Structures are given as C-alpha cells and as structure tokens.
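Coordinate-derived values only; no laboratory data. Owing to the predicted nature of the structure, the values given are computational and were not obtained by experimental measurement. All Cβ positions, glycine included, derive from the backbone under ideal geometry; neighbour counts span all protein chains shown.
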Amino acid sequence: MVRLRIDGIEIRARQGETILKAARRAKVHIPTLCHLSKLSPIASCRLCLVEERGSAGYLLSCQTPVKEGMEIATKSRALEEHRLQLMQFYAMNHPLECGVCDKSGECELQNRVHELRVNEQPFAAREKARALETWKGGISYDESLCIVCERCVRVCNELIGDSCLRVLPGGFSSRIVFKESSHCSECGECVAVCPVGALSSRAFHYTSNAWELKKHSSSCPHCALACPLEYETKNQGALSQGESQIYRISYDREFGALCKMGRYAFRNRKVMKPDTHAFANALEAFKKADTIAFSSYITNEEALILQKLKEEHGYRLYNPEALAFQTFARMMRASFGGSDETKMKSVEMSDCIVALGGRFYDEAPLLKSAMSQAQTRQGAKLYWLHPLEESRIKAHGMWRYEVGAEEGVVALLLASILEGCAVDGSVEGFLEELDWGYVSSESNLSEEELSLLRSSLTQASSPILVIGADLYAHPRATNIARMLGILQKHSAIKILLTPPSTNTLGVALLCDLDEEKGEYTIGYNTQGDFILSSLPERAHLLMPALNQQEGTFTNIDKRVIPLHPALPYEGYELNDIAKALGLKEEHTIHYTPLLPKEKGFLEVAFDSLPNHYENDGSEKRGYYLSDASLCVLPKAPLGLEEVEEIGEFNGSVVYFPSVSPEAIGAICEREEKEVSLRGGRQFALAAKIQSGDRIEMISPLLTWRGIFEEDPLMKGVVAILDRSEKEEMDKSYGYAYQRVRISKLD
C-alpha cells in the first residue's frame, strides 16, 4: 500500500492506482468530463488536473499513479481558473439554456458548468454547418452538441468490442463517425455514456424529462449474467388510470453496462385485478395435477416454493433444460473434485480464452464483451469453436467443427493438453485408446489447430475455457462433463459453465427435478394442461412478469442477487396458490432467508440485500454462494467412456439457441417484428427456399410455421430458429441441432 495526502487527508492507496481513483475511494471530488472508471483513461477533457507539492505544473489525476509521500491539492486559485477556461471553451457553441434535449436534467456539461460557475462566455467561434445523422439501432448523432470526449468510441471499441465508431480528426471540426462496414449490436451503450445530448435513442427521444422519472434498482431478467439495472418509470395520470409505465432502462454508467436485451427488451403491462374464478380453477387443476412443468425464468424463492410443493404433495418437477445443466455441472464437479471459483472476472483477466459450444454474442452479449476486454487490455488470444461461423467476432482462431462433434472436440482438447502429464490410470488408458486421426477428421478440427490451441493454453498464465449451452443437452453430455472435470483437475485451465437461462443455476440448486412428466401437468411459464403465465394470451391464470416481482436470482458468478419490481401488480402469484395448498409463508420474499444453507445460501432477509456499486467500483450485490452449494455428487460411476462414433447431419439442419435475442426483441416496446428462421445463402439453396418465403418446418422438437429470412452474415448449411417466449418451450428442448424437413407454404 502507498500513503499520500490529498487536500490534507491521509489516504492509503494500492500500488499502481491513479490519483483520481484513490481520491474517489476516499470521497474526494475531482471534476471530470471524459472519464469513466470502466474505460481506460485518455485525459482528453483536462478537467482532472491537480497540483503536487514541490512539483511544477499540473498532473493528470486520471492517468498519474500514486507515489509514496505525495501531497496533492485538488483545489487552488490556479486550478479553478484553468477549469473555468476549459468549461467556457466546451460551452462556446453549446446551448446551456436547453429548450428540448433528452439530456436536460442529467447533462454532465450542465453539471460542470454549474459546479465551476461558468457565468460568462469570453470565447466565440463561427458556427459551422453540422450534421444530424441517424445510425443503426435508432441512434441519433447531433454534431452540434458533441464535445468529442470520445467516451462513445472507447466504450464501443474497448468494452463492447463492436468497434463501430471512430473519431474523424480535424481540430475544432473533429467529429464522431459511424463505420458502416462494422457490425453494431445495437446495445445503446454509446448513448448511455454520452455526457451531453449529442447521442440519443429513438426509443426515448422526446418522451420524458429525466427528473420526472422514478428509478427502481433491480437485475436484468434476460440471461444468466443478471446485470444490475434501473427501471425508470413515470405515472401516466388520469387518462391511464394512474398506472406507471417503464420509459427506459438505465444503470450506473460509471461501472456497469447493458446489452440490447437488457436495455430495450421490456413490456409495459396493465395492472390486472385478481381473477377469483381463474384462481379457483387453478386450485382445482392442482388437485388433479401430478406434474408442475416450469421454465428457469423464475426467482429462487419460486423455485423453493415448487420444491416444497413437491415435498408436501408429491408433484413431479419438470424442467428439462435445468435438469440437463444440473446433471452436467454435478458430473463435471465430481470429476474435478476441487473448489470452483471461476467467475466473469476470470474471463476479463484471462490471457487465453477458448469459447466452446455457445453463441455468446447473442446468448450472453456482455460475456462476449468480457472476452473483448481481455483481448484489448490483457492481449488475450481468443479461440472460437462452434459449428456456425461468427463473423461478428475478432478471434485469433475461428474454427467450425461438425454438428454433433462436441464430444470428439472435447476429447481432442483433453488429449492435447494432458499429453505428457501424469494422470490417473483410467484417464491414461482413455488417452492411449483415443483414435486421434478418426476423431480429428470427423470433428473437422485439424492437428495444426489442436497444436496451436495446446501451445496457447499451456503457455498462458490464466487460461479459461467458456462452455456454452450446446453441450448440456448433447446425447453424450455426461461423458463430455467428465472430460471437462478431468481437464480442470489436471491443468491450469479454468472452466466457466454458462447457465442457459436467467436462473437455471438457482433452479438446479434448489429443485429435485424429474426426467418425465406425468398425466396432468401445470405449466408455469411453459406449456401444460393448465397454464400459469405472465402472458395474458396464454394464461389460464395470469401471473406477474419478472419486472413485477420481488425475489432473487443466482447468476453465472454463483451470486444471489435481488430483483425488485418496476411495475405494480395486484393479481395472484405463485405464493397465493402455495398458501392455498398448505404452505405457511405470507409473502414470496419470506422464503429468501429460508433458502437452504446446505446449498450455499445464507440466512439473509430480502430487504437486507444490497444492489449497488461503491465509489471504488466494487460491486455490492447480494452475496456469493458458499462452495458447499456445488458439492452434490452423482451416484453414477465417474470413469471415462470411449468417444462414440460421430454421426453425420445431412440435409437441412436448424440450430435452436438457448436464449434468443431476436425473439426477445420481438416483444420489445421499441419494435414489433415476427420471429423468423434465419439462414445463409447456402442453406437457402439447399432447402430450395428464398428470403421472405413463408415455410413450414418439421423437426423432432416442434412443428413451426413462419418466414425464412436470408442473413448475409451467416455461412454454411445450418439455419437458426429464434425461439419466441410464446413457443411451447418444453417441446423445443433437446440437442441444439436438429435435422428438419422444410416446405414452402402457399
């Protein structure tokens, strides 16, 4: 630790920490305009200048590391004059008496002008004609308001990894340019970090003043990352019966980030009164039912309620997606035998990343962003292994293995890494008997590629293997999980399993799941003979949406995090049914401290769970599970089995992703669109269809009718079906790739 003084206050800072970060942690304010803690400092605004005793000139506090014995002054007459002149220059042609601007009330330029008391303007310049542009994703760029702080460019390039923006240099005429040839994920992050009104979103444009909105701290319900966010709502007044609506979703932009799903995929729902007739029908249905089928888009508390209903009444609990993940995670952990501390931060800090079996760009966009950050900041090598080529990713190696070959790929990876290592006798025998030539040929993974993978992973100081949902439902998932556990046990490679849905990990920990349904099924947010759903068009009894509930999720980091409601709800919920069936807790959140300790949960009341960032960027959200939560061992033997013959997937093949951003986008307030089957030119030719054709697709999982859309970014003969929340989810679960029969409809 380093000792220094800032404005007379003695501070202990970490070696290598900047003056600005040390000051903020000590709650000493230094003004900035271009700086964000989550981005590398570039000191373009120059407002963060400070003085050091005994030194001539100024120091850039956002870039200058602390030194032992430093005495720093953040306030002086000279600094005040310097900052005042800078702000006068920034405000030279920027209207500060803003009539109409989406940033009014939360504009950082306005805040700095008031803070530094800019009450006159001695500078002037001839106004130039400036462009008003519309970029992809409904983003507007007003050059006349831009101060060229470069936040948008840096967040797109450094944090998100899309690299869609750049600065066009030109002195006073410098501006931000959108690169049309790049792929924009439409995350809206550039708009969120803009300190002024230069960037705005069509979704929020001219809809509300910032000070009219009420913020509700919560967590994103769309994937297993469960990122922190804030719903911003406003009461609609008498014409809408006084109901609140979500106007936008924001977050702590200093440290956090959101993807397209987290920022835009929300739906405003009317407040529904309790339907007593439907509730009575639900109780009758529960009397007849022997099975409760449910999705993993539920809270930990609801999962515990379902488990208690099983224990009290003998219901089967059917969630095949969570069961596959549960079995895979337990089997891998049993083979590994150690403590698993792998988290998202492990990806950011890695210097070699192998992404296997997942469309992470779509399924967990900020996990993909963590990979991009590792590439930018750690110089990490990224290897992307998947049957579908991913042109949106910049990777050191982009290798397409054959559909169905996941077991062979993992076997080759295991054999490559453990070659020459001391291993158990059974593992040694498996490696000796592996037919490298056959498996390599059938998997479409060459010896040269394997050699490159081996050298990169073994030479890296913090290698990580990120596993996607394609592997969990593979017919040979059990053997794959064993091999991964052995790989983690005998090498320095960390392995991160990505849960396929928001609370799959929580469900897997809390529920004793069954492999088969019975004769009469209650469907909770999925198909059933009697359906409990947050979708009015599907529900026999309406349930609250996740943005209307209190509870917790267990996210990818094995962290229990709080979910708070943004919209009111007055109808029935799962706990009302549970009480009618004999359970005792009055409210759903009363189950929060009852989450089982033997699974790693803590006895903590819901209202005691934090959900914020500290000044130094440390994340205060809920709590981490103890390691005991993953110690459930399977009863099956742990020996490795011989790699099964790799079958061929000929004809038309469709990929069913675990999380579908396009389907979620279809229910956004921002846009309404029909979910489509997407494929490349090769797929269209093989299936004898064209873009825009209405088709029928028959697979072992489901029969689907809709539009085929040709996607220029896709290559090969595999298409993607984006599953809607309206689909019969339990029917559409299985191995992610399926042979299909396609015919055109008239």
**Fully extended contour minus Cα-Cα distance, from residue 705 to residue 447, at 0.36 nm per residue** = 88.7 nm
**Whichever lysines have a C-alpha closer than 24 Å to that of residue 368, once near sequence neighbours (fewer than 8 apart) are set aside** = 38, 136, 179, 260, 343, 345, 381, 394, 494, 558, 620, 715
**Asked** Once amide H atoms are placed 1.01 Å from N in the peptide plane, what residues at a sequence separation of 5 or more from residue 247, or on another chain, have their amide H within under 5 Å of its amide H?
**Response** 232, 233, 234
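Below 8 Å, C-alpha to C-alpha, sequence gap of six or more: please give me the relative contact order for the chain in percent.
13 percent.
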**Complete:** What the Cα atoms of the chain span along the principal axes, largest first and in whole Å, is 79, 69, 58
**Prompt:** Based on the Cβ-Cβ distance from residue 579 to residue 421, what FRET efficiency comes out when R0 is 41 Å, to the nearest 0.05?
**Reply:** 0.15
**Request:** Would you mind working out the magnitude of the charge dipole of the range 2-115 relative to its Cα centre, with +1 at each Lys and Arg C-beta and -1 at each Asp and Glu C-beta, to the nearest 20 Debye?
**Result:** 480
**Message:** I'd like to know which of 58, 2, 405 lies farthest towards the positive end of the charge dipole of the chain, counting +1 on Cβ of Lys and Arg and -1 on Cβ of Asp and Glu.
**Reply:** 58
**Message:** Among 714-720, 128-134, how do they line up by average Cβ neighbours within 10 Å per residue, starting with the highest?
**Reply:** 714-720, 128-134
**Prompt:** Out of residues 5 or more away from residue 676 or on other chains, whose amide H comes under 5 Å of its own, with H placed 1.01 Å from N in the peptide plane?
**Reply:** 722
**Request:** Return the long-range amide H neighbours of residue 229 (sequence gap of 5 or more, or a different chain), with a cut-off of under 5 Å between placed amide H atoms.
**Result:** 218, 219, 220
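At a Förster distance of 41 Å, what's the computed FRET efficiency of residue 205 paired with residue 26, Cβ-Cβ distance as r, to 0.05? Write down the numbers at each step before the final one.
On the way: r = 39 Å, r/R0 = 0.95.
Calculated transfer efficiency: 0.55.
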**Message:** Please list, in order along the range 483-495, the HN-Hα scalar couplings obtained from phi with the Karplus expression 6.51 cos²θ - 1.76 cosθ + 1.60 (θ = phi - 60°), rounded to whole Hz, x for Gly and Pro.
**Reply:** 4, 5, x, 5, 4, 5, 5, 9, 9, 8, 7, 7, 10
**Asked** By average Cβ neighbour count within 10 Å, what is the ranking of 9-15, 396-402 from highest down?
**Response** 396-402, 9-15
**Item:** Residue-averaged 222 nm ellipticity for the chain, from DSSP H runs of 4+ at -39500 (n - 2.57), nearest 500
**Value:** -7500 deg cm²/dmol
**Asked** If you take every DSSP beta bridge whose two residues both sit in the chain, what share of them, in percent to the nearest 5, is antiparallel?
**Response** 60
**Item:** Gain on full stretching of the segment that runs from residue 648 to residue 492 - 0.36 nm per residue minus C-alpha separation
**Value:** 52.8 nm
**Message:** For the range 2-115, take every pair of Cα atoms, bin their distances at 5 Å starting from 0, and report each bin as a whole percent.
**Reply:** 2, 11, 21, 21, 18, 12, 7, 4, 2, 0
**Request:** Please work out how much length the chain gains when fully extended from residue 341 to residue 688, using 0.36 nm per residue of separation minus the C-alpha to C-alpha distance, in nm with one decimal.
**Result:** 120.0 nm
**Request:** List the relative contact order of the range 132-264 as a percent without decimals, with contacts defined as Cα pairs under 8 Å and 6+ residues apart.
**Result:** 21
**Request:** Run the dipole for the chain about the Cα centre, Lys and Arg Cβ at +1, Asp and Glu Cβ at -1, nothing else charged, and hand back the magnitude in debye, nearest 20.
**Result:** 2340
**Asked** At 25 °C and 0.890 mPa s, what whole-number value in µm²/s does Stokes-Einstein give for the translational diffusion of the range 324-497, with Rh from the Kirkwood sum over Cα pairs?
**Response** 153
**Request:** Under 15 Å Cα to Cα from residue 273, which aspartates and glutamates show up? Leave out anything in the same chain fewer than 8 places away.
**Result:** 243, 570, 573, 576
**Asked** For the pair residue 243 and residue 312, what calculated FRET efficiency results from E = 1/(1 + (r/R0)^6), where r is the Cβ-Cβ distance and R0 = 35 Å, to the nearest 0.05?
**Response** 0.45
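Determine, for 514, 722, the number of other Cβ atoms within 10 Å of each Cβ, and report the residues in order from fewest to most.
Lowest count first: 514, 722.
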**Message:** Can you compute the modelled spin-label distance between residue 175 and residue 76, with each label point 7 Å from Cα toward Cβ, in nm?
**Reply:** 4.0
**Asked** Could you put 452, 496 in order, starting from the residue whose Cβ has the fewest other Cβ atoms within 10 Å?
**Response** 452, 496
**Fewest-first ranking of 430, 286, using other Cβ atoms within 10 Å as the exposure measure** = 286, 430
**Fill in**
In terms of the charge dipole of the range 78-144, which places +1 on Lys and Arg and -1 on Asp and Glu at the beta carbon, the residue among 110, 138, 122 farthest towards the positive end is 138
**Asked** If you plug each phi of the range 305-311 into the Karplus form 6.51 cos²θ - 1.76 cosθ + 1.60 with θ = phi - 60°, what whole-Hz ³J(HN,Hα) values come out, in order, with x for Gly and Pro?
**Response** 4, 4, 5, 5, 5, 5, 5
**Asked** Between residue 438 and residue 92, what is the spin-label point distance in nm, taking each point 7 Å from the Cα along the Cα→C-beta axis?
**Response** 7.4
**Item:** Spatially proximal aspartates and glutamates relative to residue 579 (Cα-Cα < 13 Å; intrachain offsets below 8 disregarded)
**Value:** 302, 312
**Asked** Karplus couplings for the range 597-607 from phi (6.51 cos²θ - 1.76 cosθ + 1.60, θ = phi - 60°), rounded to Hz, Gly and Pro as x?
**Response** 5, 5, 9, x, 7, 10, 7, 10, 5, 4, 5
**Prompt:** Roughly how many nanometres apart are two label points built 7 Å out from the Cα toward the Cβ at residue 603 and residue 3?
**Reply:** 4.3
